[in-house]
Ligand SMILES: [Zn+2]
């Protein structure tokens, strides 16, 4: 993939803005979290075509547009984990019946 210097700089700048610590990080929007958990995050379908994914991996622009700050994304990932565990436990309990 050919990435221009401009694109690379923009990506770095955007990512820094998104991940930096500051006083007014907005509160987590629980309703939105709930919606995202029900209908999991769809990021760039074709990763090879996403310049941002190439540069930032899981934190690519497609994920960044959904969350106002990186900390929200981390919360989301934890919740997703918990949800997966809960589902697994439910399945295990069912098969024990
Ligand atoms: Zn992407």
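In table form, for the structure just shown:
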{"item": "Residue match in region 31-41 (condition: at pLDDT below 95, buried (at least 17 other Cβ atoms within 10 Å of the Cβ) and within 13 Å of the chain's Cα centre (by Cα))", "result": "yes"}
{"item": "Pairs with Cβ under 7 Å, 6+ apart, first in region 77-97 and under 19 Å from residue 34 (Cα atoms), second assigned to a helix (DSSP H, G or I) and modelled with pLDDT under 95", "result": "79/33; 79/37; 80/37; 83/37"}
{"item": "Filter pass, residue 20 being exposed (fewer than 11 other Cβ atoms within 10 Å of the Cβ), at pLDDT 95 or above and either farther than 19 Å from residue 4 by Cβ or in contact with a strand residue (DSSP E or B) (Cβ under 7 Å, 6 or more places away or on another chain) (or both)", "result": "yes"}
{"item": "Residue pairs meeting the criteria (Cβ under 8 Å; at least 6 apart or on separate chains; first within 16 Å of residue 62 (Cα to Cα), in region 32-48; second within 10 Å of the ligand (Cβ to nearest atom) and in a loop (DSSP other than H, G, I, E, B))", "result": "43/50; 43/60; 44/50; 44/60"}
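The values are calculated or read from the model by the stated rules, or taken from the named source; none is laboratory data. Here the structure is a predicted model, which is why all the values come from computation and not from measurement. Backbone-built Cβ (ideal geometry, glycine too); neighbour counts: all protein chains shown.
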